[in-house]
Structures are given as C-alpha cells and as structure tokens.
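The values are calculated or read from the model by the stated rules, or taken from the named source; none is laboratory data. Everything numeric here is computed off the predicted structure, so don't read it as measured data. Here the Cβ positions follow ideal geometry from the backbone for every residue, glycine too, while neighbour counts run over all protein chains shown. Heavy atoms of the whole protein, side chains included, go into the accessibility calculation; ligands, DNA and RNA do not. Shrake-Rupley method; radii C 1.70, N 1.55, O 1.52, S 1.80 Å.
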Amino acid sequence: MDRVLSGMRPTGKLHIGHYFGALQNWVSLQDKYECFYFIADWHALTTNYENPEDIVSLRKEMLLDWLSVGIDVNKSTLFVQSKNIYHAELFLLLSMITPVSWLERCPTYKEIRDEVKDKDLSNLGFLSYPVLQTADIIIYNAKYVPVGVDQLPHLEISREIVRRFHFLYKSELFVEPEGLLTKVPKLLGTDGRKMSKSYGNAIMLSEDFKSIEKKIKTMMTDTNRKLRTDPGNPDICPVFDYHKVFSNEEEKSYVTEGCKNAGIGCIDCKKILIKNLLAFLEPIQNKRKEFENIIDDVDDFLSKSQQKANEVAKDTVEKARKILRI
Ligand code: TRP
Ligand code: SF4
C-alpha cells in the first residue's frame with residue numbers, strides 16, 4: 001500500500017478552515033493508504049523559538065483536535081516529530097547536499113520573512129525549514145503528501161533534494177514525493193477576511209456554542225444589504241459560503257430566494273446556519289471530551305504508534321548512513 005504522510009505545526013486550536021482544508025481529507029485517506037501523521041513541533045519552533053514553554057499544551061490540543069474529527073490511532077501512525085531523533089539526523093545529512101540558494105529563493109521563506117515583523121526570522125532553522133520537511137517525508141518513503149497549495153514550493157525542494165541525493169550517490173534510496181491537493185471550500189473569517197486564529201475571526205472546532213452563535217450573529221454579510229427590505233446577493237455573501245458547506249439543498253434554495261427578494265432577513269438566514277454548524281460540531285466536541293478524559297500524557301497515548309514511526313525512520317537513516325559511509 002502506498003504511503004501518505006503529512007504534518008501540522010502545533011500553533012493553537014484548529015478551526016473549521018483546517019477541517020475542510022486538510023483534516024477531512026486526512027481522515028478519508030486513512031482508509032485508502034498507510035498514513036503517517038505527525039505533530040511538527042520542531043517546525044513550530046523555527047518561528048516560535050522565543051516561547052518554547054507553550055509547546056507541551058499545544059501538542060496536546062492539536063492531538064485532541066485531530067482525534068475529535070476522526071483521525072484514528074488504530075488506522076494511522078500518529079507521532080511527535082521531536083520524539084523521533086532520526087528526522088534530525090536525516091535533516092543533517094540532507095543539509096550537506098542542499099544549496100543555500102534553493103532555500104533563499106523559496107517563495108514561502110521570502111514572504112514570511114518579509115511579512116512577519118514581530119519576530120526575528122534570520123535564524124538558520126527557519127531558512128532550513130524545507131530541508132527538515134524533506135527529511136520528514138522521505139524518511140518514510142511517503143509517496144503522497146496532502147498539503148495546501150502554499151506548501152507546493154516546499155515539496156518541489158524536497159523533490160530536488162531527492163534527485164540530488166540520487167545523482168550524487170548513485171543510489172535510489174528515496175521516493176520522490178508528490179503533493180495531494182484537494183478541493184477546498186471557501187470559508188472566510190467572520191469579519192470577511194481570511195480565517196485565522198490571530199484575527200479572532202475563526203470558528204474553532206472546540207469553541208463554546210454560545211460564542212459561535214455570537215460570532216455568526218455578528219458575521220459580515222453582503223454589505224450592500226443594509227436594511228431588512230434591501231434585497232441581497234448570496235453569491236457575494238460570506239455567510240452563504242458557509243451554507244454551501246453546512247446546509248442542505250432545500251435550505252440553500254430557501255435562503256437564496258429569501259435573500260434575493262428580501263423575503264427573509266439576515267438573522268433568519270444565520271439562524272439556519274447556526275443550527276447546522278452546531279449540529280456538525282456537536283459529535284466532534286463530544287468525541288473530544290471522551291479523549292480529554294482518556295489522555296493525560298501525549299507521549300504515553302502515542303507510544304506504540306511513535307515506536308512504529310521511529311523504527312521505520314531508523315531503517316531509512318541506517319541505509320543513508322551506509323551510503324555516506326558514516
Ligand atoms: N510545513 C507544514 C505546514 O506548515 C508542516 C509540515 C512539516 C509538513 N513537515 C511536513 C507537511 C511534512 C507535510 C509533510 O503545514
Ligand atoms: Fe447573506 Fe443570508 Fe443576509 Fe443574504 S440573507 S445577505 S445570504 S446573510
């Protein structure tokens with residue numbers, strides 16, 4: 001069976017954008033591939049090295065979010081990156097053969113370094129982010145890597161590093177990974193900007209229902225619809241994008257009609273959305289509570305799965321060592 005691998009940086013509670021952008025896909029891949037999913041805590045540290053104290057609780061929060069949506073430790077190999085030292089060793093070996101210029105011209109590197117003003121990102125760890133990511137992937141011979149479009153430049157670097165390794169050492173140790181892109185529905189934040197925890201405009205998977213209700217009730221709508229008597233246009237309304245994801249056909253046509261001829265108000269429209277959104281989140285939050293009761297220590301909970309990942313990684317690194325006579 002082909003292998004799939006993906007990771008996420010533990011930077012805070014996950015929101016519905018993460019679910020429809022990644023996790024939903026991860027869940028369904030579990031039944032078709034041998035999946036490895038890991039908590040990329042070293043990657044989180046590349047930008048968050050000034051606040052390492054948060055990482056213990058962040059790892060746990062993310063694991064709980066994953067499990068709550070159906071990522072299953074009995075189906076997939078779930079593990080913590082920093083508890084698998086072989087990633088670091090392979091990263092080191094790959095760093096020998098990776099030209100710095102490949103990293104300097106990586107678009108995500110340039111963008112984040114120039115955009116982020118509150119942190120100093122001139123550190124080596126941040127520059128070498130794609131090399132560590134390459135080690136994460138090829139250490140498992142993963143063929144497919146489900147990621148968002150923003151990660152494609154990193155994957156291209158991974159493929160180049162693999163080719164360079166094979167060329168230099170006349171070996172075919174690794175698999176050239178391919179990105180797996182999925183259709184991602186548009187879900188903006190409640191203020192109409194991109195959904196992001198840092199903007200405070202996201203609907204978190206584990207968010208309190210009262211708080212969600214409040215956010216949706218004040219959510220941005222078609223701004224041309226100022227009065228209840230003004231007709232609106234669902235095609236340009238972020239609330240309607242949510243209906244596309246959470247509501248059934250009947251509800252969607254009811255809302256479309258009512259919006260266009262001012263038959264319903266935005267509050268009526270949002271009430272339907274709130275009902276459906278909460279119905280979607282209820283089983284997720286119940287499952288999360290079950291796991292909150294079971295899981296005390298993340299490492300204990302993942303120990304068998306972690307061990308499996310570490311063994312696979314060790315095997316690859318031993319082969320790489322032989323090739324490099326080290
Ligand atoms: N860079 C990825 C992100 O920010 C996280 C990540 C680290 C990753 N290593 C990976 C994703 C390996 C896929 C494969 O989302
Ligand atoms: Fe948007 Fe619904 Fe209001 Fe129409 S009725 S503008 S779709 S919130």
**Request:** Please give the per residue volume of the convex hull enclosing the alpha carbon atoms of segment 1-143, rounded to a whole number of Å³.
**Result:** 123
**Asked** If you keep only loop residues by DSSP, which trypsin sites (Lys or Arg not before Pro) in segment 207-248 have at most 13 other Cβ atoms within 10 Å of their Cβ?
**Response** K226, R228
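Carbon-plus-sulfur fraction of the accessible area of segment 1-94, 1.4 Å probe, in percent?
The nonpolar share, carbon plus sulfur, comes to 50 percent.
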**Message:** Can you work out the Karplus-derived ³J(HN,Hα) for every residue in segment 186-199? Use 6.51 cos²θ - 1.76 cosθ + 1.60 with θ = phi - 60°, whole Hz, and x for glycine or proline.
**Reply:** 7, 9, 7, x, 5, 9, x, 8, 4, 5, 7, 4, 5, 7
**Message:** Could you tell me the relative contact order of the chain? Use alpha-carbon pairs under 8 Å, at least six residues apart, and round to a whole percent.
**Reply:** 23
**Request:** Please report the orientation-averaged projected area of segment 207-287, defined via the convex hull of its C-alpha atoms, in nm².
**Result:** 5.0
**Prompt:** So what are the chain's ellipsoid semi-axes, whole angstrom, largest first, if each one is the square root of 5 times an eigenvalue of the alpha-carbon gyration tensor?
**Reply:** 41, 22, 18
**Probe 1.4 Å, accessible area per residue of the chain, Å²** = 50
**Request:** List, in the order given, every pair from K117/K183; K32/K217; K13/K260; K117/K308; K183/K270; K32/K60 whose Cα-Cα distance in the structure shown is over 29 Å.
**Result:** K117/K183; K32/K217; K13/K260; K117/K308
**Prompt:** Put a dot 7 Å past each Cα toward the Cβ at F167 and L278; how far apart are the dots in nm?
**Reply:** 5.9
**Of all accessible heavy-atom area on segment 207-287, the percent that carbon and sulfur account for (1.4 Å)** = 55
